[in-house]
């Protein structure tokens, strides 16, 4: 079981996932421009991309432990490069 972190601010949330894990699951091209990346990690937006990832993990028989971190300020994730710009 792996632990993945959901980061949230007052307006949105993102699931932090290693990009290599997206590649291993074969879903890297399914991630939208609304997600971000930084230093080998993807930050999958909560509305669609995080669900795509979690569904692929479930299909692969993998379980996830999710933890949550919230800030009342804008998250620094908003300043990362869009996922499509990798």
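Here, each number is a calculation from the coordinates, and none is a lab measurement. Quick caveat, the model's predicted, so the values are computed rather than measured. With ideal geometry, Cβ positions are generated from the backbone for all residues, glycine too; neighbour counts draw on all protein chains shown.
Of all residues in the stretch 56-77, count the ones that are surrounded by 12 or more Cβ atoms within 10 Å (Cβ to Cβ) and closer than 14 Å to residue 24 by Cα.
Going through the stretch 56-77 one residue at a time, the tally reaches 3.
Would you say residue 22 is without any contact (Cβ under 8 Å) to a residue 40 or more places away in the chain and either surrounded by 15 or more Cβ atoms within 10 Å (Cβ to Cβ) or within 9 Å of the chain's Cα centre (by Cα) (or both)?
On the way: without any contact (Cβ under 8 Å) to a residue 40 or more places away in the chain: yes; either surrounded by 15 or more Cβ atoms within 10 Å (Cβ to Cβ) or within 9 Å of the chain's Cα centre (by Cα) (or both): yes.
When the stated conditions are applied, residue 22 passes them.
Exactly one condition in (1) touching a strand residue (DSSP E or B) at 6+ places or on another chain (Cβ under 9 Å); (2) over 18 Å from residue 84 (Cα atoms); (3) in contact (Cβ under 8 Å) with a residue 12 or more places away in the chain is false for residue 11; which is it?
Checking residue 11 against (1) touching a strand residue (DSSP E or B) at 6+ places or on another chain (Cβ under 9 Å); (2) over 18 Å from residue 84 (Cα atoms); (3) in contact (Cβ under 8 Å) with a residue 12 or more places away in the chain, the one that fails is (1).
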